[in-house]
1. Being of a type outside the set (Phe, Trp, Tyr), closer than 19 Å to A:Asn8 by Cβ and over 17 Å from the mean Cα position of the chain (by Cα) is the requirement here; does A:Gln101 meet it?
2. Would you mind finding the one in B:Ser186, B:Ser176 that is closer than 20 Å to B:Phe19 by Cα and of a type in the set (Ser, Thr, Tyr)?
3. Filter the range A:75-86 down to the residues that are more than 22 Å from B:Val64 (Cα to Cα) and crowded, with 24+ Cβ neighbours inside 10 Å, then identify the one that is modelled with the highest pLDDT.
4. Can you pull out the residues in the range A:54-63 that are more than 28 Å from B:Glu85 (Cα to Cα) and either under 14 Å from the mean Cα position of the chain (by Cα) or within 10 Å of chain B (Cβ to nearest Cβ) (or both)?
5. Scan the range A:92-104 residue by residue and report those that are under 17 Å from A:Ser143 (Cβ atoms) and not in a loop (DSSP other than H, G, I, E, B).
6. Filtering the range A:105-121 down to residues that are in a loop (DSSP other than H, G, I, E, B) and of a type in the set (Gly, Ala, Ser), which residue is modelled with the lowest pLDDT?
7. Take the residues in the range B:195-207 that are touching an Asp or Glu at 6+ places or on another chain (Cβ under 6 Å) and in contact (Cβ under 8 Å) with a residue 40 or more places away in the chain; name whichever of them is surrounded by the most Cβ atoms within 10 Å (Cβ to Cβ).
8. Let me confirm something: among B:Tyr49, B:Tyr134, B:Tyr122, which residue is free of Cβ contacts under 8 Å to residues at least 24 places away in the same chain and buried (at least 22 other Cβ atoms within 10 Å of the Cβ)?
There are 2 protein chains.
Amino acid sequence: MCQLLGMNCNTPTDILFSFEGFHRRGGLTDHHADGWGIAFFEDKGVRLYIDDKPSVASPVADLVRRYPIKSENVIAHIRKATQGEVRLANCHPFMREAWGQYWIFAHNGDLKAFTPPVGGRYTPVGNTDSERAYCHLMNHLRSRFASAPGPEVLFDAVAELVAEIRQHGVFNFMLSNGDCLLTHCSTHLHYIIRQAPFKAAHLVDDDVTVDFATVTTPRDRVAVIATQPLTDNEVWTALHPGEMALFMGGEPVRRERLPGPLAPGACGCPA
Amino acid sequence: MCQLLGMNCNTPTDILFSFEGFHRRGGLTDHHADGWGIAFFEDKGVRLYIDDKPSVASPVADLVRRYPIKSENVIAHIRKATQGEVRLANCHPFMREAWGQYWIFAHNGDLKAFTPPVGGRYTPVGNTDSERAYCHLMNHLRSRFASAPGPEVLFDAVAELVAEIRQHGVFNFMLSNGDCLLTHCSTHLHYIIRQAPFKAAHLVDDDVTVDFATVTTPRDRVAVIATQPLTDNEVWTALHPGEMALFMGGEPVRRERLPGPLAPGACGCPA
């Protein structure tokens with residue numbers, strides 16, 4: 001399986017601290033060494049960096065670690081290949097444009113016998129189950145909405161399709177159009193909200209501490225979402241298996257357990 | 001206006017030497033300081049780096065200068081804004097997916113009173129004339145072909161539309177799907193083919209020389225295409241105003257002056 005990292009904020013924020021720990025799981029503190037990627041929204045634009053090298057050995061990851069890109073929505077992914085060989089076209093996140101917005105998607109999981117219809121507006125470039133699911137999702141949304149749906153309508157439309165897709169296997173994902181960040185948890189996803197009064201946080205994967213009180217303003221609010229908690233001195237909230245969550249302005253504005261079954265073994269299986 | 005750089009090769013090749021000169025035109029040896037970008041195809045995947053900082057001051061350009069990414073098709077662009085403010089969403093190259101291929105586009109020019117129909121499969125995210133032209137082109141191709149057209153058919157289909165678009169102004173562009181690289185010259189585009197016997201080349205924009213004989217094999221062939229020649233000791237070929245060229249395997253396999261008028265002032269005007 002892979003690991004996911006997301007950030008949703010009420011003000012453009014850099015992700016350096018979280019990425020510092022996260023990228024070490026790509027080949028150093030964990031075994032997700034089959035490529036990685038990260039996408040940063042800047043207003044409507046997107047910086048998308050993908051690399052088929054392990055994130056701990058990637059010159060692109062070095063750039064991200066040194067370049068404090070400020071963004072309100074970030075999605076990152078480190079890959080442990082299950083379906084699709086190790087190559088650039090199979091690295092997440094994936095990007096497509098719909099209704100004049102970029103849409104970014106990353107998936108952690110493994111969908112078995114999942115062959116959605118082809119020939120819609122969006123077609124996978126690589127050969128992962130993840131990109132198939134993403135294109136299926138985007139084809140569904142595009143055929144249903146003539147213009148970009150608002151976040152609540154988006155939640156309901158995605159939920160319908162997720163209930164179908166997750167019957168094929170583990171389907172933890174993150175999706176963002178730059179306005180909101182939508183997640184689904186099949187097995188493991190945790191989040192933390194950082195807001196005033198800010199405190200110091202210490203990474204699990206490296207002996208690094210940041211005192212957020214020194215780098216924030218009192219009105220900042222940041223949600224960080226990750227497969228596994230990234231810090232060891234803060235309380236992270238686990239999403240329930242089968243739950244979808246919508247993050248806006250640095251907090252979860254809607255959390256809902258979707259009706260319908262998860263795939264056998266999806267619930268609570270080891271990451 | 002902006003400047004364009006393209007590379008099309010018969011074997012994956014790094015673009016470090018050409019990029020070294022080209023990126024200096026983004027704010028140092030020339031005044032194209034409103035952002036820049038570069039896209040590298042790796043098989044079907046794409047590394048797309050864009051930045052709204054001048055390329056001479058961009059940490060992302062530093063990465064590209066240090067990381068010898070090998071690619072058969074590259075498109076780069078440094079921006080001097082004419083339409084659309086300086087922001088990430090307006091940086092070229094632009095990327096869309098069609099028929100399971102990524103398509104990359106960059107434009108140098110200025111299209112006046114150009115308002116193609118909206119509501120197709122592709123919609124601009126930013127507000128440049130360039131992205132409008134790109135989406136118009138891709139909408140046209142998608143509505144015409146159920147699967148990806150071959151290079152010759154692509155040439156003819158693009159040529160039809162270019163004859164229409166270029167009546168609105170200067171429309172130098174590069175387009176690639178990773179298999180071939182298509183260019184149109186309204187004003188200035190030059191190319192050089194490097195093949196055995198390889199020689200040394202010296203940059204215009206910096207006192208840097210590379211002896212390609214030491215870094216190539218006898219069967220390598222590389223076409224480099226740029227708004228203005230990048231070296232001062234090689235003979236570059238100028239495309240004619242009004243000419244389209246198709247590059248494959250490191251050489252122009254088709255060059256054709258398109259019938260029909262160029263926009264007033266487009267032919268031969270200063271870059």
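1. Working: of a type outside the set (Phe, Trp, Tyr): yes; closer than 19 Å to A:Asn8 by Cβ: yes; over 17 Å from the mean Cα position of the chain (by Cα): yes.
The answer is yes for A:Gln101.
2. On the way: B:Ser186 fails: closer than 20 Å to B:Phe19 by Cα.
Going through B:Ser186, B:Ser176 in turn, just one is closer than 20 Å to B:Phe19 by Cα and of a type in the set (Ser, Thr, Tyr): B:Ser176.
3. If we take residues in the range A:75-86 being more than 22 Å from B:Val64 (Cα to Cα) and crowded, with 24+ Cβ neighbours inside 10 Å, then A:Ile75 is modelled with the highest pLDDT.
4. So the first thing to find is which residues in the range A:54-63 are more than 28 Å from B:Glu85 (Cα to Cα), and the list is A:54-59, A:61-62.
Within the range A:54-63, A:Ser58, A:Pro59, A:Asp62 meet the criteria.
5. Those that are under 17 Å from A:Ser143 (Cβ atoms) and not in a loop (DSSP other than H, G, I, E, B): A:Arg96, A:Glu97, A:Ala98, A:Gln101, A:Trp103.
6. Residues of the range A:105-121 in a loop (DSSP other than H, G, I, E, B): A:112-121.
This time we only want the ones that are of a type in the set (Gly, Ala, Ser), so: A:113, A:119-120.
On the way: A:Ala113: 92, A:Gly119: 83, A:Gly120: 89.
Here the residue is A:Gly119.
7. Step by step, filter the range B:195-207, then rank; the result is B:Ala201.
8. Details: B:Tyr134 fails: free of Cβ contacts under 8 Å to residues at least 24 places away in the same chain; B:Tyr122 fails: free of Cβ contacts under 8 Å to residues at least 24 places away in the same chain.
Just a single option satisfies the conditions, and that option is B:Tyr49.
The values are calculated or read from the model by the stated rules, or taken from the named source; none is laboratory data. As the structure is a prediction and not an experimental result, all values here were calculated from the model. Quick reminder, even Gly has a Cβ in these numbers, built from the backbone with ideal geometry, and neighbours come from all protein chains shown.
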